[in-house]
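Enquirer: So that we are looking at the same thing, I have put the structure below in structure tokens.
A short reminder: the numbers here are calculations on the coordinates, not readings from a lab. Owing to the predicted nature of the structure, the values given are computational and were not obtained by experimental measurement. FYI the Cβ positions are ideal-geometry reconstructions off the backbone, even for glycines, and counts take in every protein chain you see.
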Amino acid sequence: MAKTFQGRPVVAGALSGEATVSKQPFNTTSSYIDNVWGGNTKSAPCTDQDNKDLYQKDLAGVILCTPQCIGSSMGGGCYMAVAGLGLAPKALLFSGHIDSVTASGVLMADIWQEKPIITVDLLGDEFLEAVKTGDPISIKDDGTVQVG
């Protein structure tokens, strides 16, 4: 049975796809090191060895579900860089609050590069408990997310 969650759209948009889930916070800088500094322009393998949920999975075009982002002040620039390469996630769904660094990155990708990364935060802990990698997800412009 499908479950519906209401979040806050940061970068609004509508799409459907499969969930890629990390139960731990997503370290943007560590995850995209191959793309931003390593010259990989073909795929976006997660290079964060500490993230057992995502390590070595291709993050390009996924709907990434995570509690929040962590890392350095470079995180926002990483989103802009991978968006420019066409390797960003299609969407970021956060159970908690988006941080200002991540928000700046997804907004820069949307406004400056016209490559939106649909982003919804404040979906709640129940969202992350309900969603599993591979689950079908539907996102609406108003921040409504349906799992299943």
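Enquirer: Going through region 86-148, which GluC sites (Glu not before Pro) have at most 15 other Cβ atoms within 10 Å and a DSSP loop state?
Expert: Of the GluC sites (Glu not before Pro), the ones in loops of region 86-148 whose Cβ has at most 15 other Cβ atoms within 10 Å are Glu114.
Enquirer: When the Kirkwood radius is taken over all Cα pairs of region 3-147, what Stokes-Einstein diffusion coefficient follows at 37 °C and 0.692 mPa s, in µm²/s? Walk me through the intermediate numbers first.
Expert: On the way: Rh = 14.6 Å.
The diffusion coefficient I find is 225 µm²/s.
Enquirer: For the chain, with only Lys/Arg (+1) and Asp/Glu (-1) charged at the beta-carbon, what is the dipole magnitude about the Cα centre, in debye rounded to 20?
Expert: On the way: 10 positive and 16 negative charges, 42 e Å.
Dipole magnitude for the chain comes out near 200 debye.
Enquirer: I've got another one for you. What is the local net charge at Gly13, summed over the other residues whose Cβ is closer than 15 Å to its Cβ (Lys, Arg +1; Asp, Glu -1)?
Expert: Combined, the nearby Lys, Arg, Asp and Glu give -1.
Enquirer: Within the chain, what percent of beta bridges assigned by DSSP are antiparallel, to the nearest 5?
Expert: Approximately 55 percent, going by the DSSP bridge assignments.
Enquirer: Next question, about the same structure. Place a point 7 Å from Cα of Gln24 in the direction of its Cβ. Which residues in region 76-95 have their backbone N less than 14 Å from it?
Expert: none
Enquirer: Pairs to check: Lys52/Lys115; Lys42/Lys140; Lys52/Lys140; Lys115/Lys140. Give those whose C-alpha atoms are more than 26 Å from each other in this structure.
Expert: On the way: Lys52/Lys115 28 Å; Lys42/Lys140 29 Å; Lys52/Lys140 29 Å; Lys115/Lys140 18 Å.
Long pairs (Cα-Cα over 26 Å): Lys52/Lys115; Lys42/Lys140; Lys52/Lys140.
Enquirer: A follow-up question, please. Can you work out the FRET efficiency for the pair Gln49 and Thr133, with r the C-beta to C-beta distance and R0 = 22 Å, to the nearest 0.05?
Expert: Once the sixth-power term is evaluated, E becomes 0.75.
Enquirer: Give the residue list of chymotrypsin sites (Phe, Trp or Tyr not before Pro) in region 28-72 that are DSSP loop and have at most 13 other beta-carbon atoms within 10 angstrom. Intermediate values should be presented prior to the final figure.
Expert: Values: sites: Tyr32, Trp37, Tyr55; in loops: Tyr32, Trp37, Tyr55.
Here the chymotrypsin sites (Phe, Trp or Tyr not before Pro) that fit, given the DSSP loop and packing criteria, are Trp37.
Enquirer: With a cap of 13 neighbouring Cβ atoms within 10 Å, and only residues DSSP puts in a loop, list the trypsin sites (Lys or Arg not before Pro) found in region 2-84.
Expert: Lys42, Lys52
Enquirer: Quickly work out the Ser16-to-Asp58 label distance, labels modelled 7 Å from Cα along the C-beta direction, and quote it in nm with one decimal.
Expert: 2.3
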